[in-house]
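The values are calculated or read from the model by the stated rules, or taken from the named source; none is laboratory data. Every value quoted in this text rests on a predicted model; they were computed, and no experiment measured them. For neighbour counting, all protein chains shown are included, and Cβ atoms are generated from backbone atoms with ideal geometry for every residue, glycine included. The protein model used for the area step is the full one, side chains on, heavy atoms only, and it has no ligands, DNA or RNA in it. Shrake-Rupley method; radii C 1.70, N 1.55, O 1.52, S 1.80 Å.
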Amino acid sequence: MIKQHYQLLIGLVNQGFNILTPFIVTIIGLKYIDAVSGSIWLIFLSMVVLINLLDFGLSPTIIRNVSYVVGGARKLAKNGLDDIEFYDSIDFSLLSRLVLDIKKIYRVLTLIGLVIIGWLGSVYFYSIAPESLKIEALASWGIFAVGLLMNLYYLYYTPLLCGFGVIQDSYKANILGRICWLLFTGGAILLSPSILTFSLSFLLSVIVNRIFIKHLYQRHKYVAQLNNNLPQKESTIPYIAHNAVKLGTVSLGSFLISRSTVLIAGASLPLVVAGQYTFSLQVYMALLAVGNVFVTVKVPILSQQILQNNKSAMKKLIIQILTFSLGLYLFGFVLFYFLQSYIISIFHSNVTFLDSGFLLLLAVVYLLELNHTICATILTTANKVPFVKPSLVSGILIVLISYLLMKFTTTGVLGLIIAQGLIQLLYNNWKWPCCVYKDYIR
């Protein structure tokens, strides 16, 4: 029984560490640094999502295409699956070409990230930090940014391992990195707690994570085979890029939807209030991550069922995914809601969560967000991405309305929540669940 559900179990453990580690790092850190420094640190942590943005839709595209090649595909398709022929053996020359092209793409993305994270990030944090903290904030962001860029440069290991069918190896590496982050942060607290030493702790944990995941990747049987096969001449980049660009645009939209409000809050609200909003949002991002575990693990299986046009199996699996994921999110929120005041009092944090009314409103917004995100992921298993424009348009509208509410009204945090909730409710919250119901469940 345990062996049968091993990937799911270790996936849940992994997401448990994804939740608990940043939360523990944050709440213990906020006990030892003042509220203003703590708010800056919270915004640092919220920028980890920039990696997903700069990944630009590559990870899910890589997972699908590697899965196709491992499944016996002799060529790739830009859209749909009708043109792909499958055999009983793996074409390692095609797989070798695919891996080389993936590495090349991530090198380019890291250079782009250097400009966005290194330069624009530095300008932003220098502008919002009070005069007495500007130098420390800039130096800390520089260290933190190196960790982010290193994460991006070696990010391809995770989707490759997932495509190979051993996503649990990437989970193991992430768990080790998270444990090291806790240990290094504990050392920083003992020696000299500050956003500078906390950033250094993050960087060191990234180094440990990437060394270990590289080791796990290189020992895989397919990698040994790749070294013995010359890559095919035809580039796979056009096939990767076709849907990756679409998903990347969706990632940009998702960033604007879920994270732009943090930047707007930092620039428009008092830093302490912005810290409360960011601290609360961190919990919901963690709950969304946990809610997405099951669909991530089941994507390869669902892709195969769609290839085989096994409608009854697809319907059963999709219902399982939605029931389990939404139930897990609700359980996590209820637990957080009733324990949040105790958490603050026990740890004596200098930054608190938002008021209970705001937390309930955010819970509804992100429940709907999780539901339509899972449905959108399910739709991509057919190698199609129908939600590019809606995601981007929604993100732009949320940024625009949030900015206008912050500048011309006194709604404060409520304005940020309303902007996201209403715009998503207009289209995305209902459109993609309806598509999944129509195509796979009805």
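Results, tabulated for the structure shown:
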read-out: Overall form of the stretch 139-247 per C-alpha gyration tensor (a/c, 1.5; a/b vs b/c); value: prolate
read-out: Reciprocal mean inverse distance between Cα atoms of the stretch 1-67 - Kirkwood radius, Å; value: 14.8
read-out: Highest-first arrangement of 429-439, 270-280, where packing means the average Cβ count within 10 Å; value: 270-280, 429-439
read-out: Length-normalised contact order of the stretch 288-441 in % [C-alpha pairs under 8 Å, at least 6 apart]; value: 30
read-out: Convex hull volume per residue in cubic angstrom - Cα atoms of the stretch 89-210; value: 91
read-out: Whole-Å semi-axes of the ellipsoid equivalent to the stretch 298-415 (Cα gyration tensor, √5λ, descending); value: 35, 23, 10
read-out: Tail weight of P(r) past 21 Å, computed on alpha-carbon pairs of the stretch 68-154, percent; value: 54
read-out: Listed residues ILE441, LEU196, ILE213: farthest to the positive end of the dipole of the chain (Cβ charges); value: ILE441
read-out: Highest to lowest packing among 87-93, 35-41, 359-365, scored as the average C-beta count within 10 Å; value: 35-41, 359-365, 87-93
read-out: Calculated Rg and Dmax of the stretch 15-125 using C-alpha coordinates, Å; value: 20.3, 61
read-out: Point-charge dipole on Cβ atoms (K/R +1, D/E -1) for the stretch 162-278, about Cα centre, debye to 20; value: 240
read-out: Alpha-carbon Rg/Rh ratio, for the stretch 92-131, with Rh computed the Kirkwood way; value: 1.39
read-out: Accessible surface, the chain, averaged per residue in Å² (probe 1.4 Å); value: 44
read-out: Packing-based order for 222-232, 187-197, 16-26, 338-348, using average beta carbon neighbours within 10 Å, highest first; value: 16-26, 187-197, 222-232, 338-348
read-out: Whole-percent carbon and sulfur share, accessible surface of the chain, 1.4 Å; value: 67
read-out: Cα pair distances in the chain, grouped into 20 Å bins until the bin that holds the longest one, percent each; value: 25, 59, 16, 0
read-out: In nm, spacing of pseudo-spin labels at TRP119 and LYS104 (7 Å Cα→C-beta vector); value: 2.5
read-out: Proximal aspartates and glutamates relative to LYS316, as straight alpha-carbon distance under 16 Å, when same-chain residues fewer than 8 apart are discounted; value: ASP439
read-out: Lys/Arg +1, Asp/Glu -1 at C-beta; the chain dipole; positive extreme among LEU148, TYR68, ILE51; value: TYR68
read-out: Against the rule of thumb 2.2 N^0.38 Å, how large the Cα Rg of the stretch 204-357 comes out; value: 1.45
